[in-house]
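Here the structure comes first, spelled out in structure tokens, and everything after it is commentary.
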Amino acid sequence: MPETGSEHMGTVALFRQSGIYGKTALALGTWFGSGLMPFASGTFGTLAAAPPVALSSVFSPLTSALFLMIMILVAIWASQVVHRLLQSQDPSEVVIDEVAGFLLTMLWIPLSWGTLLAGFLLFRIFDIWKPWPAGPAEKLHGGLGIVLDDLVAGLYANLGLNVILYFVSL
């Protein structure tokens, strides 16, 4: 589905028509509307992931990992439901996958403005580039395919950020 404002209006209308199940999936899937931006919805979704990333940084390492796992399950569920509601393979409005991917990027990384910016840039680069196996993962159907390529990008970004932090203090 192309990223145009008029098509996003269909998502808003669908939200109004949906029951609580659909509304919940649409709210989470669009990460509370950040995926409805008329352009660069993935970038805006990643920016909107900053609050859960900051929240996760105050947790213990084990709790941060558990928080990420829960977010991944919620992301797969919401992506699957929105995929079905919009009847689109990988709707641009769905950005909860970016939230999960950015959480993985920042997992166990000390939070600072420098690490947040570097993690954001690395995640966006890997999410757009889609190095193997992100490309094949994206081709999987439904919520799993929508989320899995962002998790691969998040893993690469986390590894890249760890290499940078080994040499430079951000």
Give the residue, chosen from GLY119, GLY160, GLY145, that is surrounded by 18 or more Cβ atoms within 10 Å (Cβ to Cβ) and under 30 Å from LYS23 (Cβ atoms). GLY145
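Residues checked against (1) of a type outside the set (A, V, I, L, M, F, W, C); (2) assigned to a helix (DSSP H, G or I); (3) at pLDDT below 90:
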{"site": "GLY10", "(1), (2), (3)": "yes, yes, yes"}
{"site": "ALA13", "(1), (2), (3)": "no, yes, yes"}
{"site": "ALA25", "(1), (2), (3)": "no, yes, no"}
{"site": "PRO38", "(1), (2), (3)": "yes, no, yes"}
Cβ-Cβ below 9 Å, separation at least six or inter-chain, first residue in the stretch 139-165 and in contact (Cβ under 8 Å) with a residue 60 or more places away in the chain and under 15 Å from SER88 (Cα atoms), second part of a helix (DSSP H, G or I) and of a type in the set (Asp, Glu): which pairs? GLY143/ASP97; ILE146/ASP97; ILE146/GLU138; VAL147/ASP97
Within the stretch 66-93, count every residue that is of a type in the set (A, V, I, L, M, F, W, C) and exposed (fewer than 15 other Cβ atoms within 10 Å of the Cβ). 4
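Please verify whether ILE109 is in contact (Cβ under 8 Å) with a residue 40 or more places away in the chain and either within 14 Å of the chain's Cα centre (by Cα) or assigned to a helix (DSSP H, G or I) (or both), treating the condition exactly as stated.
Against the criterion (in contact (Cβ under 8 Å) with a residue 40 or more places away in the chain and either within 14 Å of the chain's Cα centre (by Cα) or assigned to a helix (DSSP H, G or I) (or both)), ILE109 does not qualify.
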Only one residue in TRP108, TRP129, TRP77 is among the aromatic types (Phe, Trp, Tyr), at positive phi and in contact with a helix residue (DSSP H, G or I) (Cβ under 9 Å, 6 or more places away or on another chain). Which one? TRP108
Assess whether LEU111 counts as being modelled with pLDDT of 95 or more and either surrounded by fewer than 23 Cβ atoms within 10 Å (Cβ to Cβ) or out of contact with any Gly (no Cβ under 9 Å at 6 or more places or on another chain) (or both). yes
Residue, farthest from VAL99 (Cα to Cα), within the stretch 40-58, restricted to residues that are outside any helix (DSSP H, G or I) and modelled with pLDDT of 95 or more: VAL58
Across the stretch 59-106, which residue is nearest to the chain's Cα centre (by Cα) among those that are of a type outside the set (S, T, N, Q) and not in a helix (DSSP H, G or I)? VAL95
Of (1) touching a Leu at 6+ places or on another chain (Cβ under 7 Å); (2) surrounded by fewer than 22 Cβ atoms within 10 Å (Cβ to Cβ), ALA100 satisfies all except one. Which? (2)
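The values are calculated or read from the model by the stated rules, or taken from the named source; none is laboratory data. Keep in mind it's a predicted model, so treat the numbers as computed, not measured. FYI the Cβ positions are ideal-geometry reconstructions off the backbone, even for glycines, and counts take in every protein chain you see.
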